[in-house]
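So the structure is just underneath, and the comments pick up after that.
FYI, it's all coordinate maths here, none of it is from the lab. None of the values given here were measured: they were computed from a predicted structure. Every residue, glycine among them, receives a Cβ derived from its backbone with ideal geometry; neighbour counts consider all protein chains shown.
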Protein chains: 2
Amino acid sequence: MNNLRILLVDDEPDVLDFLSFNLQKEGYEVYTASEGREAVQMAKKVSPNLILLDVMMPEMDGIEACKEIRTLPECKDALIVFLTARTEDYSQIAGLDAGADDYISKPIKPRVLVSRIKALLRRRFQSETDTSIFDVGGGIKINKENYSVKVDNKEISLPKKEFELLYLLASKPGKVFTREDILHKIWGEDVVVGDRTIDVHIRKLRQKLGDEVIKTLKGIGYKFEF
Amino acid sequence: MNNLRILLVDDEPDVLDFLSFNLQKEGYEVYTASEGREAVQMAKKVSPNLILLDVMMPEMDGIEACKEIRTLPECKDALIVFLTARTEDYSQIAGLDAGADDYISKPIKPRVLVSRIKALLRRRFQSETDTSIFDVGGGIKINKENYSVKVDNKEISLPKKEFELLYLLASKPGKVFTREDILHKIWGEDVVVGDRTIDVHIRKLRQKLGDEVIKTLKGIGYKFEF
DNA sequence: TTAAGTTGTTAATTAATTGTTAAGTCAAAG
DNA sequence: CTTTGACTTAACAATTAATTAACAACTTAA
């Protein structure tokens, strides 16, 4: 759901673990690197939405790394946030000049960290998220903003899981999603649900949208088509 | 949407071009002047929302210009931001005395500039955007000035939190706000309140406005609709 | 054609979320 | 110092959604 990627860079493994844990818990994809050069490569590879960068690191420090990362086309929209010890005042200024968007001072309180990060990501990426109304054809319009669906101009509102399922299928009309795909994307990696759960949700959608729009490919999966 | 006007004042044409480009890219209307007296005239003409003012300029310097601009009725709500070289510490103080709202030190990194400016404008003009009385339909009028609400021409006055909640929901009729959204916007980033707090406020609103206007979408959030 | 494997359907069960009331806390006003 | 009202919490009820179970129907391949 929260498909935002965060790259964590710090030379202390403990810090990486600690932050990793707290951010993953919030549903972010977390990548790590332990020094500047590795960070740059990683950034190139995963094009993260946000990079948390320790200032003090051996070899290539955070500021250097930041400057390099800023030159990567993969990261032109990334937010870069520095982690600084409270005393290192200079690093804030240097950091902002190097192209950082914010800084957070150590010691880090997980709750504060998480909410700062959420706020930053929301500000930056909220406008991208809300194109929100789109017509998927077959007389069906999906409005992500109010979680509602219009079928032949009649508005119906779906419960959460049903909406997510429809949204997933309709996001790529014609594409076949295997049951496994669907489970992973809607129920998550390690949630175990019974065999008939998807079927039942599919059924409920078909009741509301008509039987034509969601097609079964036996032994393979489902697809949305009109 | 972003009909905000920025006046740029610097004696180096390169700097003007550079900043101009970056700010226009963000959707601002940009005007320029290359020295103090021109800046004052321009300010009078376009009544900008924000003025970026180089401190070091021939003829009339930024501080002088700032003082004059501050006297203009056209610019009483304008934000004034100084551009200073990092070394010129004195100018920050002098600038703030002359009525500036912030300063940004050169060399200027576009990303930093843009995000600082966005933040400033957001702070200053977000509240101005709304004409304090507006009709949200369904026989409900909201008056932001005295925290009061008219329902079918009967005026009721709401406590702060209730008002804010109603105001938030009613500001985008039809849009679904998740509980998280609501918590963040009304209770703030890192305030922790119990699980039922929102419900109770919703309930009180429903008691006062009728049960119809605020709808629950289970598992998702609430929306205002009439 | 038939056995094996899938998927569809309905109802029943369980889980999750929200609604409601009453009571507690705190700060400001009287 | 007491009163008042806003805000919050707690406990429990009600509602709605998600899941399972049980079995029917359908497909496919040998």
Under a plain spin-label model, where a point goes 7 Å from the Cα along Cα-to-Cβ, how far apart in nm are B:GLU64 and A:GLU12? 5.3 nm
State, to one decimal in nm and shortest first, how far the label point of A:ARG206 sits from each corresponding label point in the other identical copies (label point: 7 angstrom along Cα-to-Cβ). 3.5
Relative to the other copies, what are the label-point distances for B:ARG116, with labels 7 Å from Cα along the C-beta vector, expressed in nm at one decimal and sorted shortest first? 1.9
Students often get this wrong, so check it: of A:LYS175/B:LYS25; B:LYS118/B:LYS215; A:LYS154/B:LYS218; A:LYS144/B:LYS172, which have C-alpha atoms separated by over 25 Å? A:LYS175/B:LYS25; B:LYS118/B:LYS215
For A:VAL151 and A:VAL200, extending 7 Å from Cα along the Cα-Cβ vector and measuring point to point gives, in nm, a value of 2.0 nm
Please state the charge dipole magnitude for the range B:1-89, taken about the Cα centre, from unit charges on C-beta atoms (+1 on K and R, -1 on D and E), reported in debye and rounded to the nearest 20. 500 debye
Shape metrics for chain A, restricted to C-alpha atoms - Rg then Dmax, Å: 21.6, 64
Estimated 222 nm signal from helices in chain A, with DSSP H stretches of n ≥ 4 weighted -39500 (n - 2.57), rounded to 500: -12500 deg cm²/dmol
Which distances in nm, rounded to one decimal and ordered from shortest, link the label point of B:ARG5 to the equivalent label points in the other identical copies, with labels set 7 Å from Cα toward Cβ? 4.3
Select from A:GLY139, A:ASN49, A:THR32 the residue farthest towards the positive end of the dipole of chain A; place +1 on Cβ of Lys and Arg, -1 on Cβ of Asp and Glu, and compute about the Cα centre. A:GLY139
Please compute, for peptide A:143-149, the average count of beta-carbon atoms on other protein chains lying within 10 Å of each residue's beta-carbon. 5
Enumerate the aspartates and glutamates that B:LYS44 could reach by cross-link, defined here as Cα to Cα under 16 Å, with residues fewer than 8 away along the same chain left out. B:GLU29, B:GLU35, B:GLU64, B:GLU68, B:GLU74, B:ASP77
Extreme residue, positive dipole direction of chain A, given options A:HIS201, A:LEU168, A:ILE220 (C-beta unit charges): A:HIS201
